[in-house]
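Right, one structure below, let's go through it.
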Amino acid sequence: MGVNNNIKDFIKNLKNDGCFEGFKHVLELGSQDDLELGDELFLALRDNVTFNRKFIPSLEYAGGGGFKHFIVSDKEKREGIRISTNYFYGTLGFESYDCIDLDGAYNALAFNLNTNLANFYNYTNIFCLVTNFGTSEHILNQAVCFENIHNLCKENGIMIHALPISGYFNHGLFNYSLKFFMRLAVFNDYEFLSCKLLQVGVDNNCNTYIEHEKILRHLDDLEGAYEYLDSSKSMDLKYPHTSGGCGFNIVVAFKKTTNKPFSFPLDRPMFKYKTRETLKFFLKDKADSINSVAIFGSKVAASHIREFLESCGIEILCYIDDYNTGSINGIDIVSRDKFIQDYKDKCDFIFKGPLQRGEIDVGVEVIESKWAWFY
């Protein structure tokens, strides 16, 4: 298993966004290799140069024997030399690195992820950052594996997954779905920090692994994502090989917002009937102050949020849309100026439907809905 520049850039973007503030301890599922080091850094690591005395890079030679094997100098002879990702995390300010893998590489904890780590190994350490880069698809007991990830992450810590969702037909035991991660987040109060779909393929000779980064869309756009995956643009349809290496990976980062026990998701709506308690689940205490609202926009996204709010017993005063007029189900469509004049003082919040484009600033707080609300 290894981490390439696409994944490293994803992690660095989280760092640049301030998501790792105060983070010192990282745990990875799998003894991950850094797959894309520059020549100068590779040679320095090969010669055991220590860049951060608090965070010494681990190097291993796949054939065994330690540093005496580090005598190659050109790029073509790198095969067989493994370099851990722990140096990469050191450059981001992390001070300790641990990993779990039965292969024992990089001093890995030889734990079987099919088992509950706390119960079976009495392992209860928690970490600021927990990563799952191409590991869980090789574990049969998915429920326990994701429960372990949840338990290994501290409250307000971050979990990052990079896993196959299409293609890789003979790669592991499982492929995932967009819905899987949506359900995982909704049932466990995870906050979505970032989500990308990366297209992965092979060249025309079908023997060289290459990476095609095609950031599809944010996870909120489920319909657009599925449409793309089902289209002829998908690398799966162009290269329907069976041994892995072509298809899509999902890369998603969650923030663990509570310390409650892991909740096992079900493939059904979280709430069969939408009520004010449903709204409170997503908006916490803010829901208590929601009585009368307006909806920004008047098209498809607005219809989603209207149905949701009406089922929760919320009064909808109007739609705000400068490019449309009339009414929908007896609810007037008004311009921004008309809203300020006639509705602003009676409106608690303005709601935006999922994927609603544009911004609105009329002196009333705006709440943006997410697809998770409707699942």
10 Å beta-carbon shell around Thr135, net charge (K/R +1, D/E -1): -3
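In this model, which of Lys286/Lys346; Lys196/Lys352; Lys280/Lys352; Lys179/Lys352; Lys24/Lys256 are farther than 20 Å apart at the alpha-carbon?
Beyond 20 Å: Lys196/Lys352; Lys179/Lys352.
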Carbon and sulfur: what percent of segment 272-348's accessible surface (1.4 Å probe)? 46
For the pair Asn5/Glu315, report the inter-label distance in nm, with labels modelled 7 Å from Cα in the Cβ direction. 5.8
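Grab the Cα-Cα distance for Phe187 and Asp361, subtract it from 0.36 nm times how many residues apart they are, and report the gain in nm with one decimal. Each step should come with its number before you reach the end.
On the way: separation 174, 0.36 × 174 = 62.64 nm, distance 3.22 nm.
Extending this stretch completely gives an extra 59.4 nm.
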Qualifying chymotrypsin sites (Phe, Trp or Tyr not before Pro) in segment 255-339, DSSP loop, other Cβ atoms within 10 Å at most 11: Tyr273, Tyr323
Taking a label point 7 Å from the Cα of Tyr123 along Cα-to-Cβ, the residues of segment 150-191 whose backbone nitrogen sits under 17 Å from it are 150-154, 160
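How would Asp348, Asp285 rank on accessible area, largest to smallest, probe 1.4 Å?
Details: Asp348 60, Asp285 115 Å².
Per-residue accessible area, sorted high to low, gives Asp285, Asp348.
Carbon-plus-sulfur fraction of the accessible area of segment 108-180, 1.4 Å probe, in percent? Walk me through the intermediate numbers first.
On the way: 1490 of 2850 Å².
Carbon and sulfur atoms account for 52 percent of the accessible area of segment 108-180.
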Sorted by packing (mean other beta-carbon atoms within 10 Å per residue), highest first, where do 247-253, 89-95 land? 247-253, 89-95
Rank these residues by their accessible area, most exposed first, probe 1.4 Å: Asp288, Asp189, Asp17. Asp17, Asp288, Asp189
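Heavy atoms only, probe 1.4 angstrom, no DNA, RNA or ligands counted: give me Leu193, Leu266, Leu14 ranked by accessible area, highest first. Show your work: numbers first, answer last.
Values: Leu193 55, Leu266 90, Leu14 5 Å².
Highest to lowest solvent-accessible surface, that is Leu266, Leu193, Leu14.
The values are calculated or read from the model by the stated rules, or taken from the named source; none is laboratory data. Please read these numbers as outputs of a predicted model, since none were measured by experiment. Cβ atoms come from the backbone with ideal geometry, glycine included; neighbour counts cover every protein chain shown. For the accessible areas, the whole protein counts, side chains as well, though only heavy atoms, and no ligand, DNA or RNA atoms are used. Shrake-Rupley method; radii C 1.70, N 1.55, O 1.52, S 1.80 Å.
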